[in-house]
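Q: Below you will find the structure I want to go over with you.
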Amino acid sequence: MRPTILAVLSALAAFAPARAPAQTEPGRWDEIHAGLLSEPVSTCVGCHEEAARLHAAHPVDVTYAPDASGMLRPRAEVERRGVALPDGKVHCWSCHSASSRWRFHLFLPQATTARRRVIPGVESTYEDQQGDVLVDGSDVSPKPLCLACHAFD
């Protein structure tokens, strides 16, 4: 049986850190992370401990390999949607981008709508989001990113 997007997001939510990310001076992010695009994931985890928890919930540093199940979109489609797969692998850079304005530098594909993240068990996050104004650093739903790779019913 194929998992639903809600089941996957609920599982990932258990690993999400509750604190806000440390802020970096403008322009410093690129300086600090220069040359790391093709480095192994362990390089990222060395500084970002919360990444270790997420690493346990989602495969990272593995070859992106759709199979006959149809649960993963073809690699060309994923890359067309803007997801980075350096050397054909899922990497920290596949889901995070230096240019992202969202919490944890979460990458959202172009032509998708950012919405507040729904937190399982926190009813106030279930409310209608129509008209919400999201500011830089907002905690947004990863659903549009998930759907760039995963083909859910």
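The values are calculated or read from the model by the stated rules, or taken from the named source; none is laboratory data. Note that the structure is predicted; figures quoted are calculated from it, not measured. We place every Cβ from the backbone using ideal geometry, glycine too, and count neighbours over all the protein chains shown.
Q: Hey, does the range 96-118 have a residue that's assigned to a helix (DSSP H, G or I), aromatic (F, W, Y) and on the phi < 0 side of the Ramachandran plot?
A: Scanning the range 96-118, I find no residue that is assigned to a helix (DSSP H, G or I), aromatic (F, W, Y) and on the phi < 0 side of the Ramachandran plot, so the answer is no.
Q: Related question: I need every pair where a residue in the range 59-76 that is within 7 Å of V90 (Cβ to Cβ) has its Cβ under 9 Å from the Cβ of a residue that is surrounded by 14 or more Cβ atoms within 10 Å (Cβ to Cβ) and small (G, A, S), sequence separation at least 6 or different chains.
A: Hits for this filter: V60/A51; V60/S94; Y64/S94.
Q: Turning to a different aspect of this structure: Would you mind finding the one in S138, S97 that is within 21 Å of C44 (Cβ to Cβ), surrounded by 14 or more Cβ atoms within 10 Å (Cβ to Cβ) and among the hydroxyl-bearing types (S, T, Y)?
A: That would be S97, the only listed residue that is within 21 Å of C44 (Cβ to Cβ), surrounded by 14 or more Cβ atoms within 10 Å (Cβ to Cβ) and among the hydroxyl-bearing types (S, T, Y).
Q: Might you check whether a residue that is in a loop (DSSP other than H, G, I, E, B), surrounded by 13 or more Cβ atoms within 10 Å (Cβ to Cβ), at pLDDT 90 or above and of a type in the set (V, I, T) occurs anywhere in the range 81-88?
A: So far as the range 81-88 goes, yes, one or more of its residues are in a loop (DSSP other than H, G, I, E, B), surrounded by 13 or more Cβ atoms within 10 Å (Cβ to Cβ), at pLDDT 90 or above and of a type in the set (V, I, T).
Q: A further question follows. I'd like to know if the range 119-135 contains one or more residues that are closer than 16 Å to P59 by Cα, in contact with a strand residue (DSSP E or B) (Cβ under 7 Å, 6 or more places away or on another chain) and among the aliphatic types (A, V, I, L, M).
A: No, because not a single residue in the range 119-135 is closer than 16 Å to P59 by Cα, in contact with a strand residue (DSSP E or B) (Cβ under 7 Å, 6 or more places away or on another chain) and among the aliphatic types (A, V, I, L, M).
Q: Here is a list of conditions, (1) under 22 Å from E77 (Cβ atoms); (2) surrounded by 16 or more Cβ atoms within 10 Å (Cβ to Cβ); (3) modelled with pLDDT under 90, and R117 meets all of them except one; can you say which number that is?
A: Of everything listed in (1) under 22 Å from E77 (Cβ atoms); (2) surrounded by 16 or more Cβ atoms within 10 Å (Cβ to Cβ); (3) modelled with pLDDT under 90, R117 misses just condition (1).
Q: A further question follows. Name, by its number, the condition in (1) surrounded by 15 or more Cβ atoms within 10 Å (Cβ to Cβ); (2) under 14 Å from the mean Cα position of the chain (by Cα); (3) at pLDDT 65 or above; (4) not charged (D, E, K, R) that does not hold for L54.
A: (3)
Q: A follow-up question, please. For the structure I just gave you, tell me whether S99 is modelled with pLDDT of 90 or more and polar (S, T, N, Q).
A: no
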